[in-house]
Amino acid sequence: MSSKKIVFLGGKGIGAYCLEHLLDQKQILNTEVVAVATKSNKALDSSQTVSSLAKREAIPILNNLDELPKCDYIISVQYHEILKQHHIDKASALAINLHMAPLPEYRGCNQFSFAIIDKKKVFGTTLHLMTTGIDDGDIVAERRFQISDTIWVEDLLAQTVDESKVLFKENIKSILTGDFEAVSQASLEQERGTSYHFRKEIKDLKVIDKNWPNEKQKRHVRATFMSGFEAPYSIVAGEKEYYNKSSF
């Protein structure tokens, strides 16, 4: 039986982890990664990246999505672009995405921050079919987990990365063999709710009004303070007054 051809799209540490799992399990999964696409992010990359793994294994690195070759599967993990239909159609069997948030509640970006703002007690991570929309394809696997009432955004990110690793390892074999039942997100929206968030929204979340109750101020700081990025702040006498983990 010929191996299943995979194009892997991904970035950040979780992307590298999932790609390495595919490479380590290629005999068991009967797969071959024939190309990758990625984007370097020095602020978030770990020492091992999708790019370094591809170079180690002599896997072609695509310059852009229009170079996507025909394949059996497209697997996306923290990839930075939305695919168009002609890109998705390159996969004859399936195109899936790992979205590090519960769906359909949190589509798009800044999901960790908004979950803290919304005082969520449960978060999650999801594998879903890819469409030309934003994280709106049918769900094929998910993990949900409790989160602390006082969690900071960096800790929620780290917790979700750990849960996403388990989700991917436990489900990728059944996904590649078709042994799953897809659930439409539309069927879950009434029960779970839904939202879309965009990258630019984080700028507004970082602006703290000193007239807010102390709990709300602290919640916004917990939701937006992340090392390597501009800290949340208040405007005092026309100047930015920044917050950090010791501000409250």
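The values are calculated or read from the model by the stated rules, or taken from the named source; none is laboratory data. Just so you know, these numbers come straight off a predicted model, no measurement behind them. Cβ placement follows ideal geometry from the backbone for every residue including glycine, while neighbour counts extend to all protein chains displayed.
Okay, here's what the table says:
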{"read-out": "Residue in the stretch 191-198 that is over 20 Å from the mean Cα position of the chain (by Cα) and assigned by TED's automatic domain parsing to the domain that holds ASP72 present", "value": "yes"}
{"read-out": "Hey, LYS210 farther than 22 Å from GLY238 by Cα and basic (Lys, Arg) or not", "value": "no"}
{"read-out": "Filter result (touching a helix residue (DSSP H, G or I) at 6+ places or on another chain (Cβ under 9 Å), touching a residue at least 40 places away in the same chain (Cβ under 8 Å) and either farther than 19 Å from PRO104 by Cβ or outside the structural domain of ASN110 (by TED's automatic domain parsing) (or both)) within the stretch 157-179", "value": "LEU157, VAL161, LYS165, PHE168, LYS169, ILE172, LYS173, LEU176"}
{"read-out": "Number of the exception - GLY133 against (1) under 18 Å from the mean Cα position of the chain (by Cα); (2) modelled with pLDDT of 95 or more; (3) not polar (S, T, N, Q)", "value": "(2)"}
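For every residue, the table says whether it meets (1) buried (at least 17 other Cβ atoms within 10 Å of the Cβ); (2) in contact with a Lys or Arg (Cβ under 8 Å, 6 or more places away or on another chain).
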residue	(1), (2)
GLY10	yes, no
LYS26	no, no
LEU94	yes, no
ASN97	yes, no
CYS109	yes, yes
